[in-house]
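The block underneath contains the structure these notes are about, expressed in structure tokens.
The values are calculated or read from the model by the stated rules, or taken from the named source; none is laboratory data. These numbers were taken from a predicted model, which means no experiment stands behind them. Glycine also receives a Cβ, built like all others from the backbone with ideal geometry; neighbour counts cover every protein chain displayed. When the accessible area is computed, the model is the full protein with side chains, heavy atoms only, and any ligands, DNA or RNA have been set aside. Shrake-Rupley method; radii C 1.70, N 1.55, O 1.52, S 1.80 Å.
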Amino acid sequence: MKLGILISGRGSNMLAIAEAVENGTIPNAEIAVVISDKPSAHGLLKAQEKGIETLAIPRNGRTREEHDAEIVSELKKRGVEFVCLAGYMRLLSKDFIRSFPNQIINIHPSLLPAFKGLDAQKQAFDYGVKFTGCTVHFVDEELDHGAIIAQKVVEVKEDDTAETLSHRILEHEHKLYIEAIAKITGNNYEIVGRKVRFF
Ligand code: GAR
């Protein structure tokens, strides 16, 4: 299965996926391209070091639809069948989502539906929850809303700061995202309403 990965920054989840594809933890998959909306994204360099094709496609004053249309076209040109958002910090247009029906997934650093949107780890920390975590989900037309594929609970410790908590969640994100993608590329699942069932 040909994967396309979208990033906006550091790219640690992208790198974890690339290494899992490389060492066979995610079998039957290849990363066709890594695309960033931010040309300065450090993750682009990390992908290049792995020999993966990269593209920077900045918005450049265009509408979301125009910008997304270019990204979709580059993904389709390369035969991408599945899109993984890995710290991609822009909302996708309806057209983008409809171009890849049930073929876009995202990782979010909270236990959805709690703490949607930006800085989810800090939102959870500031709220005072004792447990938070991370979620892999299908992307639909609402923010951080699509059917849930996998979740991992992470405990908030007494001596945590928002930063130490984010760091611990990130370590779990890498594992959870790889497990989820390996299951999805295995193709033995169905989506029934909001439920993703594996068999
Ligand atoms: C990750 O924590 C990811 O869950 C989060 O951005 C970070 C990207 O890190 N994504 C979101 O908040 C999306 N709403 P990375 O670039 O090192 O993978």
Largest fluctuation, K157, K38, K116 only, Gaussian network model of the chain with Cα springs under 10 angstrom, belongs to K157
Rounded to the nearest 5, the percent of antiparallel DSSP beta bridges in the range 3-140 equals 20
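What shape does the range 10-103 have by the C-alpha gyration tensor, where a ≥ b ≥ c are the square roots of the eigenvalues, rounded means a/c under 1.5, and otherwise prolate means a/b greater than b/c and oblate the rest? Don't skip to the answer; put the middle values down first.
Values: a/c = 2.05, a/b = 1.37, b/c = 1.49.
Oblate, since a/c reaches 1.5 and b/c is not below a/b.
Which order do the peptides 167-174, 102-109 come out in when sorted by mean C-beta neighbours inside 10 angstrom, highest first?
On the way: 167-174: 17.9, 102-109: 21.2.
Ranking, from highest mean packing down: 102-109, 167-174.
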In whole angstrom, the spacing between the Cα centers of the range 139-153 and the range 80-127 equals 7
With Cα coordinates, the longest principal axis of the chain makes an angle with the long axis of helix 12-22, in degrees rounded to 10, of 60
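Given Cα positions, please report Rg to Rh for the chain, the hydrodynamic radius being the Kirkwood one. Spell out each step's value before the answer.
Numbers: Rg = 16.2 Å, Rh = 17.1 Å.
That ratio equals 0.95.
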Share of accessible surface on carbon and sulfur in the range 1-112, whole %, 1.4 Å probe and ligands ignored, is 48
In this structure, among K76/K116; K2/K46; K38/K152, pairs with alpha-carbon gaps over 23 Å are K76/K116; K38/K152
Semi-axes (Å, rounded, descending) of the ellipsoid equivalent to the range 74-155 per its C-alpha gyration tensor are 27, 12, 10
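On alpha carbon coordinates alone, what is the Rg over Rh value for the range 116-199, Rh being the Kirkwood radius?
Numbers: Rg = 14.2 Å, Rh = 13.9 Å.
In the range 116-199, Rg relative to Rh is 1.02.
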Filtering GluC sites (Glu not before Pro) in the range 45-121 by DSSP loop and by at most 16 other Cβ atoms within 10 Å leaves E53, E81
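As a test of the formula, what do you get for the chain when each DSSP H run with n ≥ 4 contributes -39,500 (n - 2.57) and the sum is divided by the residue count, at 222 nm and rounded to the nearest 500 deg cm²/dmol? Display every interim value, and only then the final one.
Numbers: 6 runs with 71 residues, N = 199.
Calculated at 222 nm, the ellipticity per residue is -11000 deg cm²/dmol.
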Note to self: with every protein chain in place and a 1.4 Å probe, the range 4-104 gives an accessible area per residue in Å² of 46
Expected max-MSF residue from G128, G61, G146 in the GNM of the chain (alpha carbon, under 10 Å) is G61
If one builds a Gaussian network model of the chain from Cα atoms under 10 Å apart, the most fluctuating residue listed among F131, F96, F115 is F131
